[in-house]
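Quick note: the coordinates plus some simple rules give every number you see, no bench work behind them. Everything quoted here is computed from the prediction, not taken from an experiment. Reconstructed Cβ throughout: ideal geometry from the backbone, glycine too, with neighbour counts over all protein chains shown.
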C-alpha cells in the first residue's frame, strides 16, 4: 500500500531528490512535491487540477495520478515517471534554486511527457 506524503528517494545524475505525492484542499489539487535532499526547503510542486479534458483522482484512479480524456495517464508514484517530470522541469528551468515552495501548473509538463 502506498503512503501519500512520505518522501521517497531518487538519484538522478548524482543528485539525490526526494519526492512525495498528495492531495490538497482548498483548490482540490493533486501535487507532486520534488526537492533536492541537500536543499529541502526549495520545493517544486507541479499541481494538477481537474478541468475540461483533465482528470484527477476519483474512485476509478489511483491517488495522485493525473489523466486526460485522450487516454493519457501518468502515475507519479513510479520512479521512472518522477525522473521524466524532473527532466522536463529542468529543461524548462523550473527547478527551484531558492528557499520556498514553487507551485506550478503541472499540465504543461504532463502534456510534454505524454506526447
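Conditions (1) surrounded by fewer than 16 Cβ atoms within 10 Å (Cβ to Cβ); (2) without any contact (Cβ under 8 Å) to a residue 60 or more places away in the chain, marked per residue:
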{"position": "66", "(1), (2)": "no, yes"}
{"position": "69", "(1), (2)": "yes, yes"}
{"position": "72", "(1), (2)": "yes, yes"}
{"position": "76", "(1), (2)": "no, yes"}
{"position": "85", "(1), (2)": "no, yes"}
{"position": "98", "(1), (2)": "yes, yes"}
{"position": "104", "(1), (2)": "yes, no"}
{"position": "107", "(1), (2)": "no, yes"}
{"position": "114", "(1), (2)": "yes, yes"}
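Is it the case, given these coordinates, that residue 80 is more than 19 Å from residue 7 (Cα to Cα) and surrounded by fewer than 13 Cβ atoms within 10 Å (Cβ to Cβ)?
Spelling it out, it is not the case that residue 80 is more than 19 Å from residue 7 (Cα to Cα) and surrounded by fewer than 13 Cβ atoms within 10 Å (Cβ to Cβ).
Kindly indicate whether residue 94 is under 12 Å from the mean Cα position of the chain (by Cα) and under 19 Å from residue 10 (Cα atoms). Talk me through it step by step, then tell me what you get.
On the way: under 12 Å from the mean Cα position of the chain (by Cα): no; under 19 Å from residue 10 (Cα atoms): yes.
Criteria not met by residue 94.
Can you confirm whether residue 10 is surrounded by 14 or more Cβ atoms within 10 Å (Cβ to Cβ) and out of contact with any helix residue (DSSP H, G or I) (no Cβ under 8 Å at 6 or more places or on another chain)?
no
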